[in-house]
Amino acid sequence: MTRHRLLDEQWELIGDIFPAPADTGRPPVDRRNVVDGILWILRTGAPWRDLPEEFGKWGTVWDLFNKWNSNGILDEVLQRLQSARVDMDDINEELWCVDGTVVRAARCAAGGGKKTTPKSQVTTH
């Protein structure tokens, strides 16, 4: 699954962002492998429990994803990787795509109400 993994150049850009593993007596988890697992989940849309074993335990990957997402580490990762692509002229900073897909909503979503079966006032009160 090499297409779901970071390149060495990409890891060099972001590797210093991640804090060192805590000295808890457990064997340390490879941060690059965890990031690759997070990217695999985000790219495939699979449930966390379906994470392939090559990325480590899904619970550990999810815990670190949750922690890094809440403290801004993943935002910094995105910013560094995007800015590197902008510097290489792979991304135009001025051009952004917005999904223009139209999804038709049910009438009740706009406040129109649902079709219901008339209820007898005698039996409901």
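Just a few scattered comments:
- Taking 0.36 nm per residue of separation and subtracting the Cα-Cα distance, full extension of the segment from residue 7 to residue 88 would add 27.6 nm.
- Cβ-to-Cβ counts within 10 Å put 38, 73 in ascending order as 73, 38, the fewest first.
- Phi angles of segment 84-91 translate, via the Karplus equation with coefficients 6.51, -1.76, 1.60 and θ = phi - 60°, into HN-Hα couplings of 5, 5, 5, 4, 8, 6, 7, 10 Hz per residue; Gly and Pro are given as x.
- Of the three principal axes defined by the Cα atoms of segment 2-87, the extents in descending order read 39, 30, 24 Å.
- Taking label positions 7 Å along the Cα-Cβ direction at both residue 30 and residue 54, the computed distance is 1.1 nm, reported to one decimal.
The numbers here are math on the coordinates, done by the rules we state, and not lab data. Bear in mind that the values here come from a model prediction, so they are computed numbers and not experimental data. So basically every Cβ, Gly included, is an ideal-geometry build from the backbone, and we count neighbours across all protein chains shown.
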